[in-house]
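Enquirer: Encoded as structure tokens, here's the structure I'll be asking about.
The values are calculated or read from the model by the stated rules, or taken from the named source; none is laboratory data. Worth saying up front: this structure is predicted, and the values here are computed from it rather than measured. Neighbour counts run over all protein chains shown; Cβ positions are idealised from the backbone, glycine included.
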Amino acid sequence: MMILHPKFFRGIGDGTIHVLAACALLFALSACKKDQGPPDAIKSDAAVAKATSLLSAEQYKRALDALAPALQFRPDDPIVINVKGAILTKLKDYDGARACYEKALKISPNFFAARYNNGAVLALEEKWDDAITYFRNLLIEEPDNELVEYKLLLLLLHQDSDEALQQKLFPSDIPSNTPAWYYATAARCYKNGKPEEAVKYLEVARSVFGDKTEIFQQELDESGLNKIRK
């Protein structure tokens, strides 16, 4: 899996894709209009944008410094808090990151990015059983969310756990309208010692979905399944 998630997709099952940037994911940074609003709002938007950019560039300490104005002007904004959590996750301050996600969820209980990342921290801490349980429960709540389904499958494959449940995830031979099916199939190929087949599925996904595959690839890289040698 990945350390934090530069892009997320919510509502994937029905084909609607919402990008949440900042590795722990933002709602609609692209909608920020820096030529409108009061000065504090403009500074906050600019700070979040800069922090997100630095986060993507793997300059984590600079990203945290850049986020400071947004934290000052919008201390109770779950998006800003979630970005801080993403940065702390990259810095491997998992306790600090979890505190951010939990704070964001107290403010906005249905904020998907924070819910997802809260579970991702468990896997980063190698609390595998807890992580599997977390994402299994999240999938029950989000049954059409293919990112959650994919994350759960990666965890189960990584741990050789619950084969019956594995078979229930992406059971169809028909691709879905997101990258998830292709990446799930590729993950299974890697697990079964068929890397050449896996690469073919990944190439098709990239050709069809372009940069929408980024989060799925990062999750695959983090899982280590594509490094298996049999």
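Enquirer: In segment 44-62, how many residues are assigned to a loop (DSSP other than H, G, I, E, B) and either at pLDDT 95 or above or touching a strand residue (DSSP E or B) at 6+ places or on another chain (Cβ under 6 Å) (or both)?
Expert: 1
Enquirer: Here is a further query. Out of A41, A70, report the one residue that is at pLDDT 90 or above and either part of a helix (DSSP H, G or I) or in contact with a Ser or Thr (Cβ under 7 Å, 6 or more places away or on another chain) (or both).
Expert: So the residue among A41, A70 that is at pLDDT 90 or above and either part of a helix (DSSP H, G or I) or in contact with a Ser or Thr (Cβ under 7 Å, 6 or more places away or on another chain) (or both) is A70.
Enquirer: Another question, then. Report yes if some residue within segment 30-37 is among the hydrophobic types (A, V, I, L, M, F, W, C) and modelled with pLDDT under 95; otherwise report no.
Expert: Yes: segment 30-37 contains one or more residues that are among the hydrophobic types (A, V, I, L, M, F, W, C) and modelled with pLDDT under 95.
Enquirer: Right, something else. Could you please let me know if A184 is under 17 Å from the mean Cα position of the chain (by Cα), over 19 Å from F112 (Cβ atoms) and in a helix (DSSP H, G or I)?
Expert: Spelling it out, A184 is indeed under 17 Å from the mean Cα position of the chain (by Cα), over 19 Å from F112 (Cβ atoms) and in a helix (DSSP H, G or I).
Enquirer: Every residue in segment 49-107 that is over 15 Å from N117 (Cβ atoms) and surrounded by 24 or more Cβ atoms within 10 Å (Cβ to Cβ), please.
Expert: Within segment 49-107, A51, A63, L67, A70 meet the criteria.
Enquirer: Out of curiosity, is S172 touching a residue at least 24 places away in the same chain (Cβ under 8 Å), part of a loop (DSSP other than H, G, I, E, B) and not assigned by TED's automatic domain parsing to the domain that holds L91?
Expert: Details: touching a residue at least 24 places away in the same chain (Cβ under 8 Å): no; part of a loop (DSSP other than H, G, I, E, B): yes; not assigned by TED's automatic domain parsing to the domain that holds L91: yes.
In short, no.
Enquirer: If the requirement is being over 18 Å from Q218 (Cβ atoms) and assigned to a helix (DSSP H, G or I), which of these qualifies: D76, D65?
Expert: Values: D76 fails: assigned to a helix (DSSP H, G or I).
Matching residue, one of D76, D65: D65.
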